[in-house]
Amino acid sequence: MPRIVSMKRAHVPACQKITAVSEPWKTLNAGVDFAHYIALKQSYVCIDAGRVSGFIIFTPEPVFARGGYLRAIGVAPDARRRGIGKALMSFAEGKTARRSENFYLCVSSFNRHAQSFYKSIGYRKVGTLPDLIKPGASEFVYWKRLKPIL
């Protein structure tokens, strides 16, 4: 049974391996400053069969339009399509819903698999930021309401 725990320094090498072979980091030739998010207590890993199968970094407090923000999510290639990403997102949404009404994320226009994933779990594309990170590519803003409007 997979479990989600706070990310520790010992988890970082496994998370770096995930980003090295995953979008958007592969296309952008970029990484994630895991130490920064560990210090902020905003990073978590999914442990499955004794190893890191995925990670998620998010801010649950309202940072934009009454919503928390997903900073990064990654799932090991051999753990994909097994519900790890969905479990990580559900975990983040649950923690965020205690403090925020909405949850936001950005996803690169070239990252079509991620776009499909977010749509499948109830996110809607609500905006476009052209050329934000990579010339010729856009970042799409996605949103999900976590609590009903009162």
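What follows is calculated from the coordinates using simple rules that are stated; it is not laboratory data. Since the model is a prediction, treat every value here as computed from it, not as a measurement. Reconstructed Cβ throughout: ideal geometry from the backbone, glycine too, with neighbour counts over all protein chains shown.
May I ask for the equivalent-ellipsoid semi-axes of region 107-150, computed as the square root of five times each C-alpha gyration tensor eigenvalue and listed largest first in whole Å?
The answer is 23, 13, 5 Å, longest axis first.
Separation of region 8-40 and region 70-129 by C-alpha centroid, Å?
Each part's Cα centre sits 16 Å from the other's.
Rounded to a whole number of µm²/s, how large is the Stokes-Einstein D of the chain at 10 °C and 1.306 mPa s, given Rh as the Kirkwood radius over C-alpha pairs?
102
Any aspartates and glutamates with Cα under 18 Å of the residue 41 Cα? List them, leaving off those in the same chain fewer than 8 positions away.
Within the straight-line cut-off, residue 41 pairs with 33, 61, 93.
Give the lysines whose C-alpha is closer than 26 Å to that of residue 134, dropping any in the same chain fewer than 8 places away, or say none.
Correct list for residue 134: 17, 26, 119, 125, 144.
May I ask you to sort 46, 106 by Cβ crowding, counting other Cβ atoms within 10 Å and putting the fewest first?
In increasing order of surrounding Cβ atoms, one gets 106, 46.
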